[in-house]
Amino acid sequence: KQRTWWTIGWYAVFTVLGVLATAIFIKGFIDSNDVDFDLGATLKKVLGGGLSGAAAMVLQVLTLMPLRTIMNYQYRYGTTMTQATKTLYADSGWTCYYQGLTAALTGPSPQASHTAANAGILALLKGNKYMRNSPALAKMIFASFAAAAFRMILTPIDTVKTTMQTEGKAGLTILRSRIKRYGIGTLWYGAFATAAATFVGHYPWFATYNGLDEALPQPNTLVEKLLRQAFIGFCASVVSDSVSNSLRVVKTYRQVHETRIGYFAAAEAVIAQDGLLGLFGRGLKTRILANGLQGLMFSVLWKLFMDL
């Protein structure tokens, strides 16, 4: 009963926040009396941003998945990058780094949702007289909420991928056992932490990205354009990872655990093993490396695909 009321309380809080955000958004359009808003152009922006993000993400999955497998293993067990690499390789050779590849290739959708939300929401707000004058960071809140909500829906895909990355071939057995014991809802373990980490990570990523994109001088050549995008993407990833890492550690621990474990219990288990440094720093160096390369590749490839 206590667990039920706790769950209901969280749903109530998120529902109120969603209603308030929607009310403010609708009020803005009503007060603006905006008749010049181009719905077709906005939808084109959303579709373009999402498809470009998905295309860029597929290439990243194939090239960076070994690093992300090592990172998720560190999140779960707290070892060093070198030790995690050796342990995984000893399990089943180089193929262990690509456990969960099918689920990972389904994963361009979350990253596409990030770019679609960013491109679409900004285009939507820019086309409205009332909302276009809002601060840039305030506009990002709408995009961040949209991306976080979409990631919650796709949590089962991430659960399958992450469990296979950290537990190897036994991952699917663990998931089947949990589903049999706790129900299908076990696939959504870590959904709230996923949404929180997505929001906390998405907001500073695109805030940094958009801020640097406006502040830095425009490039004149293709080489300058690629270097500029690479620098912006790397900086955005470092900021995002440093802010959201602890949430991802807790999310991963709860998501792949053999039995049901709450967020606070997961955090306590991590702290008991590695201290607060473990909670905030597990896998952070690997994540900065992986996401730095991902942000670099994504921002460059996204822009290239958008310009095609």
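Read through the list (1) of a type outside the set (A, V, I, L, M); (2) out of contact with any helix residue (DSSP H, G or I) (no Cβ under 7 Å at 6 or more places or on another chain); (3) at pLDDT 90 or above, then give the number of the only condition that Glu214 fails.
Single failed check for Glu214: (3).
Tell me which residues, restricted to the stretch 165-210, are farther than 28 Å from Val243 by Cα and in contact with an Asp or Glu (Cβ under 7 Å, 6 or more places away or on another chain).
Listed by number, the residues that qualify are Gly168, Ile174.
Which residues, taken from the stretch 95-123, are more than 27 Å from Gly281 (Cβ to Cβ) and either at pLDDT 90 or above or over 23 Å from the mean Cα position of the chain (by Cα) (or both)?
Looking only at the stretch 95-123, we keep the residues that are more than 27 Å from Gly281 (Cβ to Cβ), and these are 95, 101-102, 105-106, 108-109, 112-113, 115-123.
Passing the criteria: only Thr95.
Given the conditions (1) buried (at least 19 other Cβ atoms within 10 Å of the Cβ); (2) modelled with pLDDT of 90 or more; (3) within 19 Å of Gln294 (Cβ to Cβ), and given that Arg254 satisfies all but one, which numbered condition is not satisfied?
Unmet for Arg254, out of (1) buried (at least 19 other Cβ atoms within 10 Å of the Cβ); (2) modelled with pLDDT of 90 or more; (3) within 19 Å of Gln294 (Cβ to Cβ): (3).
Could you run through the stretch 37-78 and say how many residues are at pLDDT 90 or above and of a type in the set (Ser, Thr, Tyr)?
Residues that pass the stated criteria total 4.
Considering only the stretch 76-109, state which residues are closer than 14 Å to Thr162 by Cβ and charged (D, E, K, R).
Correct list: Arg76 only.
Residue-wise test of (1) modelled with pLDDT of 85 or more; (2) surrounded by fewer than 17 Cβ atoms within 10 Å (Cβ to Cβ); (3) part of a helix (DSSP H, G or I).
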site	(1), (2), (3)
Glu224	yes, yes, yes
Glu268	yes, yes, yes
Gly275	yes, yes, yes
Leu279	yes, no, yes
Thr286	yes, no, yes
Gly292	no, no, yes
Leu296	no, no, yes
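All but one of (1) within 24 Å of Met152 (Cα to Cα); (2) part of a helix (DSSP H, G or I); (3) in contact (Cβ under 8 Å) with a residue 12 or more places away in the chain; (4) over 15 Å from the mean Cα position of the chain (by Cα) hold for Phe199; which doesn't?
Status for Phe199: all satisfied but (4).
Here's the yes/no breakdown for (1) surrounded by fewer than 21 Cβ atoms within 10 Å (Cβ to Cβ); (2) under 21 Å from Leu105 (Cα atoms):
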| position | (1), (2) |
| --- | --- |
| Ile157 | yes, yes |
| Val160 | yes, yes |
| Met164 | no, yes |
| Ala170 | yes, yes |
| Ser177 | yes, no |
| Gly185 | yes, no |
| Ala193 | no, no |
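Select the helices (runs of 4 or more DSSP H) contained entirely in the stretch 127-193, then report the ones holding at least 1 residues which are modelled with pLDDT of 90 or more and in contact with a Cys (Cβ under 9 Å, 6 or more places away or on another chain).
Values: elements: 136-153, 155-167, 170-182.
Result: 155-167.
The values are calculated or read from the model by the stated rules, or taken from the named source; none is laboratory data. What you see is a predicted model, and the numbers here were worked out from it, not measured in a lab. Because the Cβ atoms are built from the backbone with ideal geometry, glycine has one as well, and the counts that use them run over all protein chains shown.
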